[in-house]
Amino acid sequence: MKFGHQPSPAKLFRELQGVQLVHSNKVDTVPEDELSSQSHCRNHGLHLQPTSTYVNEAELVQLPPEQPVWKAVWESRPAWFKTMDCGHNGDRSVMETLVNVVTSIPFVAIGLQAPRKKPAARLYANSLIGVGMASCFYHTSRGEARKIFRFGDYAMIATAALCLTSALRDDNSRTLMLASAFLIPIQPMLVTVLHTGLMEATFARRAHNEPKLRKAHSLHTLSSVLGSALFVADDVLPNTPYIHAAWHLAAALGVATCTKLLE
């Protein structure tokens with residue numbers, strides 16, 4: 001070796017154990033104490049790469065387990081089908097609140113005029129008054145109390161549907177009635193759908209056998225279709241005012257025709 005001869009950086013690092021030389025244009029962030037040696041290597045087109053990598057298990061991202069299909073479908077149900085969810089976002093102005101309250105009063109009027117010949121019919125009539133009052137309380141509420149009154153609104157509607165089933169038939173399954181009463185605090189909308197279906201079947205059968213009920217049944221069918229469309233529109237178009245009030249009127253007409261079954 002001649003004096004004054006400096007070995008090349010590549011030859012110098014090949015003699016070091018545990019260091020691998022790779023050609024790369026990638027610039028990595030390194031500690032400050034290694035900055036000087038690494039910058040010297042980068043000037044010669046070299047990059048230091050450790051031969052092993054340590055991975056901290058605590059830093060690994062834990063992916064959530066995949067949900068079953070039935071659970072995913074249940075979680076994606078509409079807001080109005082959830083127990084304590086305030087699915088209606090209306091009442092953004094004093095006028096809209098006033099209209100919603102005024103269109104809730106017909107339920108009270110129908111309950112006051114409904115037949116009360118039997119205890120079950122009297123209970124149903126009183127439940128209709130409760131539906132109108134619960135709707136008024138909900139639409140005038142604000143803040144966190146609004147969710148509670150919304151649930152009360154759903155629960156009162158479910159109670160009225162259950163009372164109507166009891167008033168229409170004396171041979172109802174005791175198990176069905178007890179299970180429905182148990183589900184009202186848990187899932188009132190499910191109870192409403194079930195007993196509304198039973199009422200529709202009873203109304204259609206009696207209208208077929210009793211000609212005097214056919215006109216009321218036709219009007220009830222029209223109001224039910226219109227009310228269902230408005231109910232869905234209220235959920236799909238939450239920023240459109242007065243749709244909920246229109247649903248009140250369609251639902252009140254459908255309830256008024258149901259009282260013909262109790263006469």
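Laboratory data are not the source of any read-out in this text; all were calculated from the coordinates shown. Keep in mind it's a predicted model, so treat the numbers as computed, not measured. Because the Cβ atoms are built from the backbone with ideal geometry, glycine has one as well, and the counts that use them run over all protein chains shown.
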Worksheet item: Do we have Lys147 as more than 19 Å from Ala245 (Cβ to Cβ), among the charged types (D, E, K, R) and either touching a helix residue (DSSP H, G or I) at 6+ places or on another chain (Cβ under 8 Å) or not in a helix (DSSP H, G or I) (or both) here?
Response: no
Worksheet item: What helices (runs of 4 or more DSSP H) lie completely within the stretch 162-263 and have 1 or more residues being farther than 27 Å from Val101 by Cβ?
Response: 174-183, 188-209, 214-236
Worksheet item: Among the residues of the stretch 225-239, is any free of Cβ contacts under 8 Å to residues at least 60 places away in the same chain, surrounded by 18 or more Cβ atoms within 10 Å (Cβ to Cβ) and polar (S, T, N, Q)?
Response: no
